[in-house]
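For reference, the structure discussed in these notes is given below.
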Amino acid sequence: MILLLDPTSYTSLSDLDLYDVIADAVDRFPPIFEAHVVDSPDAVSAVLAEDPDEEQRKTLDEHYFVRLEDGFRIVYIGHFDGTDDAVLGS
């Protein structure tokens with residue numbers, strides 16, 4: 001699942017906001033084992049690319065924030081790369 005945020009709907013995002021986005025999606029549409037949160041249509045395409053090219057990697061660095069792995073592990077990436085992974089529901 002790819003969750004596309006509208007960048008015009010927020011002025012800032014925190015790791016807690018992104019955690020809440022993932023948690024809300026899992027609650028509403030179970031079972032979800034993998035999810036990606038981006039804020040650009042180009043990032044959607046880049047996430048889906050098996051081997052992203054240089055331009056797609058740059059887009060991911062700027063617009064890809066977090067992913068859900070194995071249905072419970074939240075991994076922060078891009079601007080949030082320094083944030084520790086989280087466990088959904090903890």
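So which residues in region 80-90 are exposed (fewer than 14 other Cβ atoms within 10 Å of the Cβ) and not in a loop (DSSP other than H, G, I, E, B)? Let's see the steps before the verdict.
To start, the set of residues in region 80-90 that are exposed (fewer than 14 other Cβ atoms within 10 Å of the Cβ) comprises 81-82, 84-85, 87, 89-90.
Once the filter is applied, which keeps residues that are exposed (fewer than 14 other Cβ atoms within 10 Å of the Cβ) and not in a loop (DSSP other than H, G, I, E, B), region 80-90 yields only 87.
One line per residue, one yes/no per condition, for (1) touching a Pro at 6+ places or on another chain (Cβ under 8 Å); (2) at pLDDT below 95; (3) acidic (Asp, Glu):
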| position | (1), (2), (3) |
| --- | --- |
| 4 | yes, no, no |
| 8 | no, yes, no |
| 14 | no, no, no |
| 21 | no, no, no |
| 52 | no, no, no |
| 57 | no, no, no |
| 68 | no, no, no |
| 74 | no, no, no |
| 90 | no, yes, no |
Reported set for region 18-37 where residues are out of contact with any strand residue (DSSP E or B) (no Cβ under 7 Å at 6 or more places or on another chain), surrounded by 15 or more Cβ atoms within 10 Å (Cβ to Cβ) and either free of Cβ contacts under 8 Å to residues at least 12 places away in the same chain or hydroxyl-bearing (Ser, Thr, Tyr) (or both) is none
Having 2 or more residues that are under 18 Å from residue 89 (Cβ atoms) and aliphatic (A, V, I, L, M) is the bar; report the helices (runs of 4 or more DSSP H) wholly within region 1-78 that clear it. 15-28
Sort out which residues of region 56-68 are in contact with a Phe, Trp or Tyr (Cβ under 8 Å, 6 or more places away or on another chain) and either among the aliphatic types (A, V, I, L, M) or surrounded by fewer than 17 Cβ atoms within 10 Å (Cβ to Cβ) (or both), and write them in order of number. 66, 68
Out of curiosity, is residue 32 touching a helix residue (DSSP H, G or I) at 6+ places or on another chain (Cβ under 7 Å) and over 16 Å from residue 77 (Cβ atoms)? yes
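The values are calculated or read from the model by the stated rules, or taken from the named source; none is laboratory data. Predicted model only: the values in this text are computed from it and were never measured. Here Cβ is always computed from backbone atoms with ideal geometry, including for glycine, and neighbour counts include all displayed protein chains.
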